[in-house]
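Presented below is the structure to which this report refers.
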Amino acid sequence: MLTNYVYKLRPSITQINKMGGWLDMLRSTYNWSLADRIAQYNQQFIQGDYCDIRTKSEACPITCFVSKNGASGEPWKDGKVDKDGKLKNPRRSAGDIQITALPELKKARPWFGEIDSTVLQQNVKRLDTAYKNFFERQVASPSGEGRGFPKFKNRGNFTSFTYQMGVKVQGSKVYLPKLGWMRFFNSRLIPDGFNLKAATIRKRQDGWYVSIRIEDKSIPDYVSKPLDEVKSVLGCDLGITKLVHLSDRYQIDNPRFATNKKVKRTLKIRQRRVSKKLKDSKNRKKAASKLGRFHKKITDKRVAYQWDVANKIVSRKVDAIALEDLNISAMLKRCKVKVDENTGRFLKNGQSRKKGLNRAISDTSWGELILKIEYLAAKQGKVVIKINPKHSSQECRNCGHIDKSNRDGEKFICTECGYHEHADIGAAKTIRDRCLEIVRRDSAKLAASQQNAQKVSSRSMSKRGEFGNLSNQDIKIAKS
């Protein structure tokens, strides 16, 4: 089993300055590697290849690490050939070539030698992961929703680096290669039997943190309950006035950590103080740091509350939890622009009113809450099923009539049969029923397939006296 423990570090001033310098160098390496790959792709697949006179080989019109000749002049991992005359190892990937070129980078720029080698390698692999997530998302969703193409990093969104090996923990001290021993607040003891796999150092507004990944192979991973064993389901409807509405009529409040009146006023004052200070001055940095700490305080309150909410939901005596499958990024998109055909002027499109709704949705942080529910449910062996929430709050639970006018705020009154109920609680019950339909349908399919398999096995036993060597007809029956 793999898990992560997070601790707050207590570095010295020298270590703080060194880690800050590492982040700047790693960010420049990340951006250069990304630009290198983009330029290589553009010139290789748009401009085309050419023949290099000196090497007399096919080359790409760019002198970079991702050229066809590779960083060290060889595009292959090794030149060994197997019995069939084929190369044993395939062509190296862009990440492998850029990792191979890191020693050359240290020779050209000696100050990069201060950084641990595994940290530099993991920095390139971080870019590989970004590419992998982008292409996997493109296959799953051709429209491009979700994780987009890797972006260039700035100081605001590049705040961490990872060690792959060499990290040691003794009591309340941790050893980080090239940084030395560093104290930390040992708020949670590492259990016996777990081995250190990696460590990620992250800079936040109130200091530096370390996330230690530990593993114990003797402990099995969490296993969820199979669908055919699911008997009871809890439906959850996510909202803004109330954070969660449950199908058992229980409602969980939404504290609005970032959008309540007091917090909005404090944020407005502190943001104004930052804007009034002279740019690049120490006073401006102090004011910005104070604003950042306040934002982190809001985030910490929200995260702690979400863990409490997730525990309340998962602790219910049910076998499965049904959640809405929300496309939150699409919900936060700006309204389409409206233009007058005659004058060419822009018309009102409702974006100024939607701005408040977008802030409320961002403040609820539904995506993070769903992740926490999934994690705690997996620990308890429960199943989390995501359901399409389309018309869940507009569908009548009595006659099935769907109409937008059925709902008026939190009230639901069917225009056909007059059935009335709380709109959001009714939506939670609808999500629960849809989940039960999926579970029963899958359970019926599984039972039917098992019966067909038993029939095929008994038929084959009666014909041949032993298993195996099934006929084509038997295989078709089993597949159906």
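The values are calculated or read from the model by the stated rules, or taken from the named source; none is laboratory data. What you are looking at is a predicted structure, and each value in this text was computed from that prediction instead of being measured. So basically every Cβ, Gly included, is an ideal-geometry build from the backbone, and we count neighbours across all protein chains shown.
Some notes on this structure:
- Checking each residue of the stretch 405-420 against the condition of being modelled with pLDDT under 90 and within 30 Å of residue 303 (Cα to Cα) gives at least one match.
- The residues listed here are 434, 440; of these, the one that is within 28 Å of the chain's Cα centre (by Cα) and either polar (S, T, N, Q) or in a helix (DSSP H, G or I) (or both) is 434.
- Test: residue in the stretch 202-211 that is buried (at least 16 other Cβ atoms within 10 Å of the Cβ), within 14 Å of residue 7 (Cβ to Cβ) and touching a Lys or Arg at 6+ places or on another chain (Cβ under 6 Å): yes
- Test: residue in the stretch 110-123 that is farther than 26 Å from residue 167 by Cα and either at pLDDT 90 or above or aliphatic (A, V, I, L, M) (or both): no
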